[in-house]
Amino acid sequence: MINLIGTYECKVDAKGRMLVPADLKRQLSPVLQDGFVIKEGLFGSCLELHPMSEWNEVTQKLNKLNRFKRENVDFIRRFNKGVRMVEIDAAGRLLIPKDLVLSAGIKKEIVLSSSINIVEIWDKEKYNAATDDSGIDIGDLAEKVMGNDEGDGIS
């Protein structure tokens, strides 16, 4: 499992190409040769960049769903909407497919945000709005998400 760290600001050109920051590329180096999957984000107007090994783990879970249940098929269909295989080229660039640029509302300035084992790709304005802490108490949220007493060793 890969563990990514960092938030990076960069630009995307008119063709949808972005230069992957050197620090992030270094972290991704163990999985560069396998390629990536890019897709629409589940929560928020962003894109998700999955290393192929991580994507394979996700699809193994999806493959266990009963396909005779309509909601499972609907979920799989929507989850896979716009999914593409992409690579980081020798120059360190990633080409974001045009339809995904449009669906995420990406303009020129973007933010790459590590999300443990994937990278979220955001339009900078949308990222700033999504991470605005003015209405959220991060301590309360941490308690709800991480403060369980189920003995999983997290807290």
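Anything in region 29-47 that is touching a residue at least 24 places away in the same chain (Cβ under 8 Å), on the phi < 0 side of the Ramachandran plot and surrounded by fewer than 20 Cβ atoms within 10 Å (Cβ to Cβ)? List them, or say none. Of everything in region 29-47, those that are touching a residue at least 24 places away in the same chain (Cβ under 8 Å), on the phi < 0 side of the Ramachandran plot and surrounded by fewer than 20 Cβ atoms within 10 Å (Cβ to Cβ) turn out to be P30, V31, L32, E40, G41, L42, S45. Got at least one residue in region 109-119 being among the hydrophobic types (A, V, I, L, M, F, W, C) and part of a loop (DSSP other than H, G, I, E, B)? No - not one qualifying residue is present in region 109-119. Being small (G, A, S), touching a residue at least 24 places away in the same chain (Cβ under 8 Å) and more than 17 Å from C46 (Cβ to Cβ) is a condition met by no residue of region 132-139.
Would you confirm whether or not region 85-98 contains a residue that is open to solvent by 20 Å² or more (accessible area, probe 1.4 Å) and assigned to a helix (DSSP H, G or I)?
yes
Checked against the criterion of being closer than 18 Å to T7 by Cβ, assigned to a helix (DSSP H, G or I) and open to solvent by 50 Å² or more (accessible area, probe 1.4 Å), the candidates K61, K126 yield just one match: K126.
The values are calculated or read from the model by the stated rules, or taken from the named source; none is laboratory data. Remember, it's a predicted structure, so these values are computed and weren't measured experimentally. Quick reminder, even Gly has a Cβ in these numbers, built from the backbone with ideal geometry, and neighbours come from all protein chains shown. Heavy atoms of the whole protein, side chains included, go into the accessibility calculation; ligands, DNA and RNA do not. Shrake-Rupley method; radii C 1.70, N 1.55, O 1.52, S 1.80 Å.
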